[in-house]
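What follows is a short report on a single structure.
The values are calculated or read from the model by the stated rules, or taken from the named source; none is laboratory data. Because the structure is a prediction, the values reported are computed rather than measured. Note that each Cβ is placed from the backbone with ideal geometry, even for glycine, and that neighbours are counted across all protein chains shown. Surface areas here come from the heavy atoms of the whole protein model, side chains and all, with no ligands, DNA or RNA. Shrake-Rupley method; radii C 1.70, N 1.55, O 1.52, S 1.80 Å.
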Amino acid sequence: MFTANTVIIALTVLVSVVCFNNRDLFYRLSLNPYSIRHRNEWWRIVTHGFVHADYMHLFINMFVLWSFGRSVLYTFGNLAQNDLLRQPSAAFLALYLGGMIFSALPDVVQKKDDYRYNSIGASGAVSAVVFTVIFFAPWSKIYFMGILPIPSLLFGALYLWYSQYMSRRGGDNTNHMAHFWGAIFGLVFPLFIDARLFLHFLEAVCQVRF
């Protein structure tokens, strides 16, 4: 069955694999703030999320998206049944693309004059999906490295701290601030659906489970 999640995954895999063998297209689609600000190539704010560095980078992002995206679509479906949401698939696309765009904006502003700077990957958008899951189920378990179960709220706090720390430290060729801002977008996105969901979040947080 095709869902918004599977369509995104299929399209991302297709574009990434094509770009593995076409470096001109790879750089044409990447997030290059200089080209965005000085050449008006604004499509890069979206297209960079469909390009990956290698198969491992692609696999990790798409596996996480597949795992958490199903949960988000299920939750959005429940919201639709309770008349809090009309189009679950459209909301999922708004979450994913919104996270992709929002996570790219700091680079567009801060790196606008650095023509050598490029960023790729769906990590910002995927982080948004993960943190929407955390919003609705703050005490569910996230398996770190597929082994160690961590309460999702604790995982989220550590993830945000680590992203900021590694961004300041630098040197690992990873856009950690895209992870951070994508996560923030995913955490607040449910409030755009219905601000009353914040009460659901608070109630869920108060129901501590370890």
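To keep it simple, each residue is scored yes or no on (1) modelled with pLDDT under 90; (2) over 19 Å from the mean Cα position of the chain (by Cα); (3) more than 22 Å from Ser123 (Cβ to Cβ); (4) part of a helix (DSSP H, G or I).
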{"residue": "Arg168", "(1), (2), (3), (4)": "yes, yes, no, yes"}
{"residue": "Gly182", "(1), (2), (3), (4)": "no, no, no, yes"}
{"residue": "Leu187", "(1), (2), (3), (4)": "no, no, no, yes"}
{"residue": "Leu191", "(1), (2), (3), (4)": "no, no, yes, yes"}
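Leu73: more than 21 Å from Met177 (Cβ to Cβ) and in a helix (DSSP H, G or I), yes or no? First the steps, then the outcome.
Values: more than 21 Å from Met177 (Cβ to Cβ): yes; in a helix (DSSP H, G or I): yes.
So Leu73 fits the description; yes.
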| Would the stretch 169-190 turn up any residue that is in contact with a helix residue (DSSP H, G or I) (Cβ under 8 Å, 6 or more places away or on another chain), closer than 21 Å to His57 by Cα and among the hydroxyl-bearing types (Ser, Thr, Tyr)? | yes
| said: Can you say whether Ile60 is surrounded by 18 or more Cβ atoms within 10 Å (Cβ to Cβ) and either assigned to a helix (DSSP H, G or I) or modelled with pLDDT of 95 or more (or both), as far as the supplied structure shows? | reply: no
| task | Could you tell me which of the residues Leu65, Leu73 is open to solvent by less than 30 Å² (accessible area, probe 1.4 Å), in contact with a helix residue (DSSP H, G or I) (Cβ under 8 Å, 6 or more places away or on another chain) and in contact (Cβ under 8 Å) with a residue 40 or more places away in the chain? | result | Leu65
| message | Looking only at the stretch 84-115, how many residues end up being within 14 Å of the chain's Cα centre (by Cα), of a type outside the set (A, V, I, L, M) and open to solvent by less than 30 Å² (accessible area, probe 1.4 Å)? | response | 5
